[in-house]
Amino acid sequence: MQLDKGLIGHKFNAFTTTVEAGKIRLFCKAIGEDNPIYVDEEAAKKAGYRAIPAPPTFLTAVTNDDPDKGGLLRLLNVDIGLILHGEQHYEYLAPVHVGDRITCQQQVVDIYDKKGGALWFVVSETELKDQSGKPVAKAKGITVVRNPDAAKK
Amino acid sequence: MTATVTAPKFDDVKVGDAIKPIVLPPISRHQLALYCGGSGDHNPIHVDIDFARKFGFKDVFAHGMLSMAFLGRLVTSFVPQSQVRKLGTRFTSITWVGDVITVSGKVTGKREANGEKLVDLEVKCTNQDGKDTLQGDATVALA
């Protein structure tokens, strides 16, 4: 298996998704977050937020809401069972709240291998903008692909 | 947990200061199912043991991003979320069902940039054997 470095620079179709209260509630239940600001609008407003804020890593649920889900793996022609998450970085530029409509634009920025091609690393960056076009966050992720051929050598 | 988190003052924070750690309940399959739905990461490797075994794993394992959410909880226990500027991590080892994760952090730097007083943090997840599963960093703005 070898990944195509020619895919560096590939831009995926942008998509827009709405930040929903029910989804934040489920996300918080899953991660054990029990601060009422994430479920109760009054509590959020008392704490100074204009609405329920999205928890810091809820941005992954935003970027995962891609109607073309799995696009990176299809582009790379890689099976989902072979990937691991190597790194994830978020830069927060402005708050994201329930009701915001977030547009996500993902781009492949690097592809490289280590251990003689046993592991491949795909770096992608996603820009997130709100309904006014204002950038709210930048996400950078590294997907690690385990080369199934490496184990056979 | 109360709604109001009061951030420390920039001048009161020293490099080396520790954030109060959070010890999490053991990772359960139920939690991975909830996170699959809650995060929209539907990779079956985290919830379907048959699929995980097919790809050479002994069992399902936790989403890296679930543990990163624990880093987020630690940082937002230290400052209100509106003061979080950056959060990042490397996923350094797999978190298995039953693992007991402790999230901890400490202050590694203080600086001013873009008109804000910023504090850099090292944050990490460590399992019951003392092995780091996530090695991350965060930046928060303080008054």
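The values are calculated or read from the model by the stated rules, or taken from the named source; none is laboratory data. Since we're looking at a predicted model, the values are computed, not measured. For neighbour counting, all protein chains shown are included, and Cβ atoms are generated from backbone atoms with ideal geometry for every residue, glycine included.
Whether a residue is farther than 19 Å from B:LEU24 by Cβ, among the β-branched types (Val, Ile, Thr) and part of a strand (DSSP E or B) was assessed, and B:VAL107 passes this test.
If you go through the stretch A:1-46 and keep only what is within 30 Å of A:TYR112 (Cα to Cα), buried (at least 17 other Cβ atoms within 10 Å of the Cβ) and aliphatic (A, V, I, L, M), you end up with A:MET1, A:LEU3. Of all the numbered requirements in (1) modelled with pLDDT of 95 or more; (2) out of contact with any helix residue (DSSP H, G or I) (no Cβ under 7 Å at 6 or more places or on another chain); (3) of a type in the set (Ser, Thr, Tyr), B:SER39 misses one, and that requirement is (2).
Can you go through A:ASP100, A:ASP66, A:ASP34 and tell me which one is more than 7 Å from chain B (Cβ to nearest Cβ) and free of Cβ contacts under 8 Å to residues at least 60 places away in the same chain?
Numbers: A:ASP100 fails: free of Cβ contacts under 8 Å to residues at least 60 places away in the same chain; A:ASP34 fails: more than 7 Å from chain B (Cβ to nearest Cβ).
Matching residue, one of A:ASP100, A:ASP66, A:ASP34: A:ASP66.
Condition check ((1) farther than 30 Å from A:GLY48 by Cα; (2) β-branched (Val, Ile, Thr)) across all residues:
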site	(1), (2)
B:ILE45	yes, yes
B:ASP48	yes, no
B:LYS58	yes, no
B:PHE61	yes, no
B:GLY64	yes, no
B:MET68	no, no
B:THR76	no, yes
B:VAL79	no, yes
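Within the stretch B:109-131, being farther than 19 Å from B:ASP12 by Cα and surrounded by 15 or more Cβ atoms within 10 Å (Cβ to Cβ) holds for B:VAL123, B:LYS124, B:CYS125, B:THR126, B:ASN127.
Of all strands (runs of 3 or more DSSP E) completely enclosed by the stretch A:56-152, which ones contain at least 3 residues that are among the hydroxyl-bearing types (Ser, Thr, Tyr) and crowded, with 19+ Cβ neighbours inside 10 Å? Give the derivation first.
On the way: elements: A:83-92, A:101-114, A:119-129, A:135-146.
Here the list is empty.
The residues of the stretch B:2-27 that are within 11 Å of chain A (Cβ to nearest Cβ) and either at pLDDT below 95 or farther than 30 Å from B:LEU118 by Cβ (or both), listed by number, are B:THR2, B:ALA3, B:THR4, B:VAL5, B:THR6, B:PRO25, B:ILE27.
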